[in-house]
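Read-outs throughout are calculated quantities, based only on the coordinates presented, and are distinct from any laboratory measurement. Fair warning: this is a prediction, and the values are worked out from it, not measured in the lab. Positions of Cβ are backbone-derived with ideal geometry, glycine not excepted, and every protein chain shown enters the neighbour counts.
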Amino acid sequence: MIQPNAKLAAIIFDLGGVLIEWNPRYLYGSLFDGDDQAMEYFLSEICTPEWNNELDRGKPFGEAVVELARKYPDYKELILAYQSRWGEMVPDAINPTVTVMEELKNNGYNISALSNWSAETFPQMLNRFAFLDWFDEIVLSGEIGSVKPEKRIYEALLDKIDLNASSCLFIDDSVPNIKMADNLGFQTILFSSAEQLRADLLASSILNQ
């Protein structure tokens, strides 16, 4: 949460789910021909969130998909698509949040990003979304070898921007990530929508009408 009269030097955004849409269902909905039950089984039992987390931590995609395809040969082509068609999991930016970020940038804040994201796939995003160039700093889990909500990735961000946590506002859509940021002394906003984010920023006088 944001402390009253907080003096902010920087605002830190999560990317996936806050500024950029990402969900493997955008890809696998078509690959499973609308069979949602089969798709959900695949994403919960084969290409699991835990497996994807290791990609975010920096495990090479090629190594990860080959290992998994050997373990589940009946799903080989679907597993390989996780790498070869990864870009289809990202349909668009969340443009209303991008607008809020632009306003904050124009108001003079240091704007940085802290994201669980593979260093292999992130260059694709730089080519698609020009607003990523607006960030003063971007810290990716795949480059650090640590994922949120682990303490080390937050510390890596603070080292890079050379600021104390108390002078930074951290915006993320994950409760565990926000809880860790709170524990480390960040000001925080749990993101649910651009409209809610704007309302919270207005209420805290970080944005003005």
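When the listed pairs K105/K151; K7/K148; K7/K179; K71/K179; K59/K105 are checked against a 29 Å cut-off, the alpha-carbon distance exceeds it for K71/K179; K59/K105. Could you tell me the center-to-center distance, by alpha carbons, between the stretch 1-41 and the stretch 98-119 in angstrom? About 16 Å separates the Cα centre of the stretch 1-41 from the one of the stretch 98-119.
The residues neighbouring I171, those whose beta-carbon lies less than 11 Å from its own, together hold a net charge of -4 under the Lys/Arg +1, Asp/Glu -1 convention. Measuring nothing but how far apart in sequence close Cα pairs (under 8 Å, 6+ apart) lie, relative to its length, the stretch 124-200 scores a relative contact order of 20 percent. Roughly how tilted is helix 61-71, in degrees to the nearest 10 and between 0 and 90, from the longest Cα axis of the chain? Tilt relative to the chain: about 40 degrees. Each residue of the stretch 26-32 was assigned a 3J(HN,Hα) from its phi angle through the Karplus expression (A = 6.51, B = -1.76, C = 1.60, θ = phi - 60°), giving 4, 7, 6, x, 7, 5, 9 Hz with x at Gly and Pro. Set against the 2.2 N^0.38 Å expectation for a compact globular protein, the stretch 100-197 has a Cα radius of gyration ratio of 1.05. Which angle from 0 to 90°, rounded to the nearest 10, does the C-alpha axis of helix 36-45 make with the longest principal axis of the chain? So the inclination is approximately 80 degrees. The Cα-based radius of gyration of the chain, divided by its Kirkwood radius, gives an Rg/Rh of 1.00. The phi-based Karplus calculation (6.51 cos²θ - 1.76 cosθ + 1.60; θ = phi - 60°) puts the 3J(HN,Hα) values of the stretch 174-179 at 9, 4, x, 5, 5, 4 Hz, whole numbers, x for Gly and Pro.
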